1. Six or more apart or on different chains, Cβ atoms under 8 Å: show the pairs whose first residue is in region 317-339 and over 16 Å from Ser362 (Cα atoms) and touching a residue at least 24 places away in the same chain (Cβ under 8 Å) and whose second is buried (at least 18 other Cβ atoms within 10 Å of the Cβ) and aromatic (Phe, Trp, Tyr).
2. Kindly list the number of the only condition in (1) within 24 Å of Ala233 (Cα to Cα); (2) not in a helix (DSSP H, G or I) that fails for Asp277.
3. Could you check Thr238 against (1) over 34 Å from the mean Cα position of the chain (by Cα); (2) outside any loop (DSSP other than H, G, I, E, B) and say which number it fails?
4. Working only within region 181-202, note down all residues that are without any contact (Cβ under 8 Å) to a residue 40 or more places away in the chain and either closer than 14 Å to Gln137 by Cβ or surrounded by 13 or more Cβ atoms within 10 Å (Cβ to Cβ) (or both).
5. When you go through (1) under 34 Å from the mean Cα position of the chain (by Cα); (2) aliphatic (A, V, I, L, M); (3) farther than 30 Å from Glu239 by Cβ one by one for Ala343, which number turns out not to apply?
6. Of the residues Leu201, Leu190, Leu211, Leu234, only one is of a type in the set (A, V, I, L, M) and within 22 Å of Gly295 (Cβ to Cβ); which?
7. Out of region 305-328, which residues are loosely packed, with under 14 Cβ neighbours inside 10 Å and of a type in the set (Gly, Ala, Ser)?
8. Taking region 331-385, which residues are in a loop (DSSP other than H, G, I, E, B), touching a Pro at 6+ places or on another chain (Cβ under 9 Å) and either hydrophobic (A, V, I, L, M, F, W, C) or surrounded by fewer than 11 Cβ atoms within 10 Å (Cβ to Cβ) (or both)?
Amino acid sequence: MTLVQYRLLFSALAFFPSLALLILPEAARIDLAYMLGIGGTLGALSLLTITAVHLAGAVAPRRPEPRTVDEGDAQAPHTPERLEDVDDTALEADDVKASETHEPAPPPVASLLVSGALRDLPTDLPPPEARRLRIAQALDMAAQPPEGVSGSPDHARACVIAQVADLWGASEADALDAAQITELALLDRLMHLPRDEAEPLIDLFIAPRLLRDAHAKIAALGERHAARLDGQALCAATERLRKTQVPARTPGGLLLALQALEEPDPDLWHRVVTEHDPEDATQAEAALWCVRQLGCHRATIALYLSERVAEDAFDAAAERGDRAWLAGIGAVLVNWGQGRYRASGIGLFPADRLIGQAPALSDALDRLSERLDEPRWPTPSGMMTVHTGRPPRPRPAWDLASGRLTEAPDPDDYAPQP
């Protein structure tokens, strides 16, 4: 490897210690944070930064002149193409100053971007004043995250920006020059964009593969953070419902309670489907209502129909003339056929427990069509197949027979699973 290649490698490590931590598997990050603690983890990142800066400086025989870029028109700083082009007088003056103060010369000011990137900026990049304000806000968030922001994707992005600014010796935006602000603005922009839209910006950086991996990790962090917020909102809504059930005048019944819950709860719906008493008309009606919700997970719906086929429920409903129940089943089959059920986070255990049951469902639909002398509903495609996913989250506070909450919901039951 050439000196330039080594320097790029060490600069990437220096600039992106936080991003490198994101690349680790989640289990490894948890173990690392548990062993070292917050202080130890930050110390390890600082040590990585210092070591990489030292190595980057060690392989660079000359220190380039400081960049001076006009605030209103950020351009790439001049970088000598050859060692002969460097101002020897300036270098000698720097060496004398360092020797007089008995301090080592500062490391070279490296760029996050490939050569020439600043000369061809995206046309929709905000003006320089807006870029500086955005970076200032990110640095403030990294230093003092507002309540509820710590651990969020926004906080993670802000910490990445702060890490780079710290390497440049700056803790505030005013200490950064125009070119550095522009580079951080590009980094901030790509971390906010969807992957396909971020790709052109990623290619402007000296460590594109590292940024692609980090982008994926931040996106996953965003999904997990959103799931955590949704779980907190659902737990709070469940607790509010429980408090309204305390007075004796509150109407009972599982279906009414499910409809009164302000937030959708697919895990509760799964429990109703798997544990309800089909002989109890109220519970059976509630189970059908659950699978008719478009947020119901595909595994839950498939299991519901499989169990109804096993109970000969289609034939029984036709015999007693239960058109309402059959209309509900028809609505489920239509929604499935139109691809309106998209949630698939909950799985079955074992995942292949429904394999081989498609013929039984098809036969039940054949008999139903003949008995009612009506057009046959189409057999749902991709229903009686493998359903992988997470286990359903427990909902022990619910009493299905009465539809009442017997205790306060446990927040841990609503948190995302690792």
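1. Asn335/Tyr341
2. The single condition Asp277 does not satisfy is (1).
3. Result: Thr238 fails condition (1) only.
4. Residues satisfying the conditions are Leu190, Met191, His192, Leu193, Ala198, Glu199, Ile202.
5. Answer for Ala343: the failing condition is (3).
6. On inspection, the qualifying residue turns out to be Leu234.
7. Ala310, Ala316, Gly321, Ala324, Ala327
8. Ala343, Phe349, Met384
Any read-out appearing in this document is the output of simple, stated calculations on the displayed coordinates, not a laboratory observation. No experiment lies behind these values; they were computed from the predicted model shown. Quick reminder, even Gly has a Cβ in these numbers, built from the backbone with ideal geometry, and neighbours come from all protein chains shown.
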